[in-house]
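The values are calculated or read from the model by the stated rules, or taken from the named source; none is laboratory data. Keep in mind it's a predicted model, so treat the numbers as computed, not measured. Here the Cβ positions follow ideal geometry from the backbone for every residue, glycine too, while neighbour counts run over all protein chains shown. Only protein heavy atoms, including side chains, enter the accessible area calculation; ligands, DNA and RNA are left aside. Shrake-Rupley method; radii C 1.70, N 1.55, O 1.52, S 1.80 Å.
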Amino acid sequence: MDLLRFITCGSVDDGKSTLIGRLLYDSDSVSLDVLAALENRPTVHGTVDLALLTDGLRAEREQGITIDVAYKYFTTPRRKFIITDAPGHVQYTRNMVTGASTADLAIVLVDARQGVVEQTRRHSLIASLVGIRHFVLAVNKMDLVGNEQAVFDQIVADYAAVADQLKLPQVTAIPISALLGDNIVTRSKNLSWYTGPSLLEHLESVPAFEEATMGEPRFQVQFVIRPQTDDYPDYRGYAGRIQSGEYRRGDRVYILPSGQESVIEAIEVDQREVESAAAPQAVVLRLTDDVDISRGDSIVPVGSQIHVAKEVEATICWMDERPLWPGRKLLVQHHSAVVKAVVAAITYKVNVRTFGRAATESAQLNDIVGIRLKTAAPLVVDSYQHNRATGAFILVDELSGDTLAAGMVEAMQNSFVPEPLGFTI
């Protein structure tokens with residue numbers, strides 16, 4: 001079975017945690033001991049409080065809100081799922097960015113009584129920025145508006161304008177009641193005017209995502225293996241996870257950013273040699289030449305359209321309570337590679353109400369801004385639109401090690417694409 005990762009997002013009290021709880025509960029994915037503990041707790045409107053299945057922190061249960069990102073796993077006869085429950089409060093937007101970065105599909109919940117609100121737009125913007133291509137508009141709490149089709153149709157029309165502004169590629173609208181289970185796992189008679197699939201039916205039918213496997217091959221070294229034992233006196237392997245594409249024994253490759261060339265002599269998976277391996281497998285690559293390779297270096301096939309750059313333009317979500325100003329020195333962590341950098345400029349700020357871009361001098365907590373970064377050492381990157389794996393990075397405080405921002409590469413300045421035959425930096 002294939003795997004689908006999806007995130008639930010939207011505003012406060014739109015019912016995200018309850019929706020996930022209902023999916024788990026109605027698909028028989030809750031263990032008996034957890035179910036027994038849940039049924040012994042106070043009920044909500046005469047039914048089990050399903051939000052407790054995801055809201056595990058004490059503060060979340062006391063306040064009835066989601067604070068941290070929660071991950072839940074369940075399986076149906078057709079597919080495996082990983083669900084990300086993201087918080088709806090504006091102050092926890094940074095947690096939503098973290099959860100959305102690995103999702104294939106976004107369920108945008110809207111309270112039928114409130115309609116499309118600012119946080120709906122903010123979460124939709126973030127989901128589109130991180131490259132999510134499939135969206136479900138789940139209009140929740142339809143039971144509280146008498147299951148009126150006119151209410152649903154108006155919200156669908158309002159969100160269509162948002163989708164058009166963000167150029168969302170595919171949006172499927174489904175009326176639901178997470179509390180009562182209407183249109184969650186099976187279609188509901190309470191919404192007889194709706195003729196489309198239930199939420200779970202739609203999730204099971206969305207095409208499988210093979211973006212990582214089908215992209216250009218990308219591999220970044222996490223660890224250099226040099227046992228230097230009697231059994232393996234000359235062994236030299238490079239361990240890491242294939243970020244995208246497929247590698248085969250005999251492939252001619254570059255080692256970047258140094259620009260050296262070699263050939264893949266062997267590929268090891270679980271200490272066994274294989275002819276090929278593909279994303280997202282963890283592998284060890286062995287090369288025919290003894291070359292200088294360190295943690296954070298990239299091994300890519302000759303002919304790859306990847307960029308080596310010391311200046312990049314990017315969109316970031318600022319996650320620190322202290323504002324960001326031009327000139328700020330920090331670290332760029334690009335998977336295993338960590339380099340010093342400076343924010344040369346803040347080029348724009350995104351207005352979450354209009355999605356327009358305007359000039360700004362600084363970035364505040366949860367702002368989405370464009371920046372230009374200059375790094376002390378070259379980064380081996382793609383644009384995020386071209387490759388989600390190698391186009392993403394985080395900004396880290398040099399002293400505290402705190403994560404300051406999540407970023408997506410838009411363009412590379414003064415970069416070059418490696419060329420075969422004697423290429424050097």
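At-a-glance table
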read-out: Read-out log10 I(q)/I(0) by the Debye sum over Cα atoms at q = 0.07, 0.09, 0.13, 0.14 Å⁻¹, derived from the coordinates shown; its label in (i) -0.31, -0.52, -1.10, -1.27; (ii) -0.36, -0.58, -1.16, -1.30; (iii) -0.40, -0.64, -1.15, -1.25; value: (iii)
read-out: Peptides ranked, highest mean first, by Cβ atoms within 10 Å: ranges 14-27, 186-199; value: 14-27, 186-199
read-out: Where GluC sites (Glu not before Pro) fall in DSSP loop in segment 163-242, at most 15 other Cβ within 10 Å; value: Glu210
read-out: Within the chain, percent of DSSP bridges classed antiparallel, to nearest 5; value: 75 percent
read-out: Cα-centre dipole for segment 148-290 with unit charges at Cβ (Lys and Arg positive, Asp and Glu negative), debye to 20; value: 200 debye
read-out: Mean separation of Cα contacts under 8 Å, 6 or more apart, over the residue count of segment 155-276: relative contact order %; value: 14 percent
read-out: DSSP-loop trypsin sites (Lys or Arg not before Pro) across segment 350-384, with at most 16 other Cβ within 10 angstrom; value: Arg353
read-out: Peptides 264-272, 276-284 ordered by average Cβ neighbours within 10 Å, highest first; value: 276-284, 264-272
read-out: Percentage relative contact order, segment 98-156, counting C-alpha pairs under 8 Å, at least six apart; value: 45 percent
read-out: Translational diffusion of segment 132-243, µm² s⁻¹ [Kirkwood Rh, Cα pairs; Stokes-Einstein; 25 °C; 0.890 mPa s]; value: 136 µm²/s
read-out: Solvent-accessible area of Arg226 with every protein chain in place, 1.4 Å probe, in Å² to the nearest 10; value: 90 Å²
read-out: Order by protection proxy (mean Cβ within 10 Å, highest first), peptides 239-247, 114-122; value: 239-247, 114-122
read-out: 222 nm mean residue ellipticity, helices alone, for the chain (DSSP H n ≥ 4; -39,500 (n - 2.57); rounded to 500); value: -5000 deg cm²/dmol
read-out: Segment 292-425: relative contact order as a whole-number percent, Cα under 8 Å and 6+ apart; value: 36 percent
